[in-house]
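Student: Got a structure for you, written out below as structure tokens; questions coming shortly.
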Amino acid sequence: MTEAAAKPTEDAEAELTAAWARVLPLPCQLTVSLPAPGCRVVDVLALEPQSIVNTGWRVAADVPIRVNGELIAWGEFEVVENRLVVRLTELV
């Protein structure tokens, strides 16, 4: 590829980078949702440390990952060095 042919792509990339630069520092809320069907208010009020919530979710099933309420990906829970983490499995 010649330098002349690569230039429009580099210009477009620089433009895109400049556009994103304005929003990259903005805060957002990342949420990993684990639905708990059948959960009632009385169940939530009874929660305390060490409580176990039955989600009915299969161990290997992907969970939705949202940013500011919008679904952006799916992931699965894992344990890494005594921490519960979410590994991205699919970007939407």
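Student: Looking only at residues that are modelled with pLDDT under 90 and either in contact with a Phe, Trp or Tyr (Cβ under 8 Å, 6 or more places away or on another chain) or exposed (fewer than 12 other Cβ atoms within 10 Å of the Cβ) (or both) in segment 64-79, which one is nearest to L34 (Cα to Cα)?
Tutor: The residue in question is E78.
Student: Quickly run through segment 54-91 and pick out the residues that are in contact with a strand residue (DSSP E or B) (Cβ under 7 Å, 6 or more places away or on another chain) and either at positive phi or of a type in the set (A, V, I, L, M) (or both).
Tutor: The answer is A60, V63, I65, V67, L71, I72, A73, L84, V85, V86, L88, L91.
Student: Tell me the residue from L34, L84, L16, L24 that is modelled with pLDDT under 90, hydrophobic (A, V, I, L, M, F, W, C) and in a helix (DSSP H, G or I), please. It would help to see each step written out before you state the result.
Tutor: Numbers: L34 fails: in a helix (DSSP H, G or I); L84 fails: in a helix (DSSP H, G or I); L24 fails: in a helix (DSSP H, G or I).
None of the others qualify; the one that does is L16.
Student: I need the full set of residues from segment 2-13 which are among the polar types (S, T, N, Q) and either at pLDDT 80 or above or part of a helix (DSSP H, G or I) (or both), in order please.
Tutor: Let us first name the residues in segment 2-13 that are among the polar types (S, T, N, Q), namely 2, 9.
Within segment 2-13, just T9 meets the criteria.
Student: For segment 50-81, what are the residues that are within 15 Å of the chain's Cα centre (by Cα), part of a strand (DSSP E or B) and not aromatic (F, W, Y)?
Tutor: Hits for segment 50-81 are V63, P64, I65, R66, V67, E70, L71, I72, A73, G75, E76, E78.
Student: Additional query: With respect to L47, determine if the residue is assigned to a loop (DSSP other than H, G, I, E, B), surrounded by 10 or more Cβ atoms within 10 Å (Cβ to Cβ) and touching a strand residue (DSSP E or B) at 6+ places or on another chain (Cβ under 7 Å). Steps first, please.
Tutor: Values: assigned to a loop (DSSP other than H, G, I, E, B): yes; surrounded by 10 or more Cβ atoms within 10 Å (Cβ to Cβ): yes; touching a strand residue (DSSP E or B) at 6+ places or on another chain (Cβ under 7 Å): no.
So L47 fails the test.
The values are calculated or read from the model by the stated rules, or taken from the named source; none is laboratory data. All values reported here derive from a predicted model rather than from experimental measurement. Neighbour counts are summed over all protein chains in view; Cβ atoms, including those assigned to glycine, are modelled from backbone coordinates with ideal geometry.
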